[in-house]
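Following: one structure in C-alpha cells, then a few remarks.
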Amino acid sequence: MRYFVAVAETLSFRQASKQLHISQRSPSLQIMQLEGELGVVLSQSGELKSPRGGEVFLFAAREIMLRVSKHRQRHFMQIAAT
C-alpha cells in the first residue's frame, strides 16, 4: 500500500523507488500483487492510471496509513509512560 501511494503521489515508479530507497522493480511487483488481490487495474505499461477505482483506493490507503501511524504513536507513548 505504501508503494502504491508513493507511485501515485510522484506519478513515477522511478521517483517512488528513489523516495522509498528501494529497487525500481519493487513497487511494480507490489502494485501488480495489489491489482490481483483487489481485482482492479491500477497501472498499465509502467504508468499509474487514475481510474475511479484507483482514486478510491488511494484515498483509502492514505487514510489507513494515517491511522496506523497514529496508532503506533499512541502505542509507543504508552510504553514510554510505563
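The values are calculated or read from the model by the stated rules, or taken from the named source; none is laboratory data. All values reported here derive from a predicted model rather than from experimental measurement. Cβ: placed from backbone, ideal geometry, glycine included. Neighbour counts: every protein chain shown.
Couple of notes before you dig in:
- Considering residues of region 8-19 that are at pLDDT 90 or above and in contact with a Ser or Thr (Cβ under 8 Å, 6 or more places away or on another chain) only, the residue surrounded by the fewest Cβ atoms within 10 Å (Cβ to Cβ): 19
- Inspection of region 31-47 finds a residue satisfying the criterion of being closer than 16 Å to residue 61 by Cα, modelled with pLDDT of 90 or more and among the charged types (D, E, K, R).
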